[in-house]
Amino acid sequence: MQNTVVVAMDHNYIWGTYMLIASMRCHQMPEPVIVLGFGLHEADKQALTALGEVLVVDAEPSQRSLTCSKPDAMLLAKTDYVTWVDCDGFFTGNCSEKLLWPDPEMIHIRLREEPENAAVFRHLGKFRQTPPVILDVWRRDVGEREESRLSTCCSACFMSLHRRHFPFLQHWSEQIKRVLPSDDVGVVDRRSFAYFQTDESVLNSLLCFAAEAPTVSPRYQLNMDPDALYVHFISHPKPWSCWTPRAFKYFAQYTAVLDWARGQNLPLPGSIPLALRSDQYWLNFLRSRVSVPIRKGNTLRRRLKRRS
């Protein structure tokens, strides 16, 4: 079965995207990759395409966060299957067989369990399942089903589906434009009550209430085999800038990917950041212990400055 992996990124994520694709090639994952790039430099494109079977498509400028370009990026694929992967992550082994769900009627995606789902909606109260007030808005905006298919939400950092569901992707793209503000305040937009997770909220509204939505797979395959995981670095800072304590356990595996690329004499997207130098384990370990407090302090200072 043919499958294409797609990502969307700008220059700020060049190292993340490079490391993601390099991890695929390092572990003999042969899937072609399409990169929907926003304002990439020529050196960015050259480094990415040198990894092999990588097509960089220049994106039209958008007022929304690039996270909202996921369905448009997926629609670029010409193969039987398409797999979206957030570029701030990497594969620890050959995950090719684990990317796809064997039933083409299903979307392979991670359905959150109730404790995690409760954390997503904790600002609305103690709801383990998706709060009824959220479902009511989604039901009205989608306007196709009365009963929700899902009791909890899915994470939009990874998904694979068959091209027979491309009309669903098109619906997702159109719904994003219909219900989200046409500006960019980041991945999370607290101005939007029912769609504060932007593209992910819209995706879940359709998985719950759209008539043509694919069935969600009963389990997620990329967090089960310790030798073949997709590791998603959800926190800030990202590991190519500075490690966090939680992410640092993957330091050796992540920097080994870059060592592999260097061993293949592949062009790099720039000077190697300190955070990606495998010979600087202890310095990066020490930096990881203070990275989160420093970031929170900087964020607080910026907020106070805006208020003054």
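Scan the stretch 142-166 residue by residue and report those that are part of a helix (DSSP H, G or I) and surrounded by fewer than 17 Cβ atoms within 10 Å (Cβ to Cβ).
Arg164, Phe166
Against the condition over 30 Å from Pro226 (Cα atoms) and either in contact with a Leu (Cβ under 6 Å, 6 or more places away or on another chain) or in contact (Cβ under 8 Å) with a residue 60 or more places away in the chain (or both), how does Arg163 come out, does it pass?
When the stated conditions are applied, Arg163 does not pass them.
Would you check if Arg246 is within 30 Å of Leu286 (Cα to Cα), under 20 Å from the mean Cα position of the chain (by Cα) and either outside the structural domain of His171 (by TED's automatic domain parsing) or free of Cβ contacts under 8 Å to residues at least 24 places away in the same chain (or both)?
yes
Residues that are at pLDDT below 95, outside any helix (DSSP H, G or I) and not aromatic (Phe, Trp, Tyr): does the stretch 259-272 have at least one?
Checked against the condition, which is being at pLDDT below 95, outside any helix (DSSP H, G or I) and not aromatic (Phe, Trp, Tyr), the stretch 259-272 yields no hits at all.
In the stretch 196-210, which residue that is surrounded by fewer than 23 Cβ atoms within 10 Å (Cβ to Cβ) and touching a strand residue (DSSP E or B) at 6+ places or on another chain (Cβ under 9 Å) is modelled with the lowest pLDDT?
So, considering only residues that are surrounded by fewer than 23 Cβ atoms within 10 Å (Cβ to Cβ) and touching a strand residue (DSSP E or B) at 6+ places or on another chain (Cβ under 9 Å), the one modelled with the lowest pLDDT is Gln197.
Consider the stretch 155-178. How many of its residues are touching a Phe, Trp or Tyr at 6+ places or on another chain (Cβ under 6 Å) and within 22 Å of Pro131 (Cβ to Cβ)?
Of the residues in that region, 0 qualify.
Can you run down the residue pairs with Cβ atoms below 9 Å, 6 or more apart or on separate chains, where the first is in the stretch 97-117 and free of Cβ contacts under 8 Å to residues at least 60 places away in the same chain and the partner is surrounded by fewer than 16 Cβ atoms within 10 Å (Cβ to Cβ) and part of a helix (DSSP H, G or I)?
Sorted first by the residue in the stretch 97-117, then by its partner, the pairs are Arg112/Ala119.
So in the stretch 89-102, with the set limited to residues that are in a loop (DSSP other than H, G, I, E, B) and over 17 Å from the mean Cα position of the chain (by Cα), which one is surrounded by the most Cβ atoms within 10 Å (Cβ to Cβ)?
Per the criteria, the residue is Trp101.
Quickly run through the stretch 211-232 and pick out the residues that are surrounded by 21 or more Cβ atoms within 10 Å (Cβ to Cβ) and either in a loop (DSSP other than H, G, I, E, B) or free of Cβ contacts under 8 Å to residues at least 12 places away in the same chain (or both).
Correct list: Ala213, Pro214, Ser217, Leu222.
How about the stretch 278-308: which of its residues are within 24 Å of Met19 (Cβ to Cβ), of a type outside the set (A, V, I, L, M, F, W, C) and modelled with pLDDT under 75? Working first, answer last.
Step one: of the stretch 278-308, the residues within 24 Å of Met19 (Cβ to Cβ) are 278-292, 294-295.
Restricting the remaining residues to those that are of a type outside the set (A, V, I, L, M, F, W, C) gives 278-281, 284, 287-289, 291, 295.
Correct list: Arg295 only.
Which of the numbered conditions does Met29 fail, given that it passes all the others? Conditions: (1) farther than 20 Å from Leu229 by Cβ; (2) out of contact with any Gly (no Cβ under 8 Å at 6 or more places or on another chain); (3) at pLDDT 95 or above.
(1)
Is it fair to say Arg128 is surrounded by 14 or more Cβ atoms within 10 Å (Cβ to Cβ), of a type outside the set (A, V, I, L, M, F, W, C) and within 24 Å of Lys238 (Cα to Cα)? First the steps, then the outcome.
Values: surrounded by 14 or more Cβ atoms within 10 Å (Cβ to Cβ): yes; of a type outside the set (A, V, I, L, M, F, W, C): yes; within 24 Å of Lys238 (Cα to Cα): no.
So Arg128 does not fit the description; no.
Would it be correct to say that Leu180 is outside the structural domain of Val120 (by TED's automatic domain parsing) and out of contact with any His (no Cβ under 8 Å at 6 or more places or on another chain)?
Criteria not met by Leu180.
Give, as residue ranges, the strands (runs of 3 or more DSSP E) completely inside the stretch 1-88 that count at least 2 residues that are under 15 Å from the mean Cα position of the chain (by Cα) and buried (at least 21 other Cβ atoms within 10 Å of the Cβ).
Of the strands (runs of 3 or more DSSP E) lying wholly inside the stretch 1-88, those with at least 2 residues that are under 15 Å from the mean Cα position of the chain (by Cα) and buried (at least 21 other Cβ atoms within 10 Å of the Cβ) span 3-10, 33-38, 81-85.
Could we say that Arg110 is crowded, with 17+ Cβ neighbours inside 10 Å, part of a helix (DSSP H, G or I) and either among the basic types (Lys, Arg) or not assigned by TED's automatic domain parsing to the domain that holds Val188 (or both) here?
no
The values are calculated or read from the model by the stated rules, or taken from the named source; none is laboratory data. The structure presented is a predicted model; accordingly, all values stated were derived computationally and were not measured. Note that each Cβ is placed from the backbone with ideal geometry, even for glycine, and that neighbours are counted across all protein chains shown.
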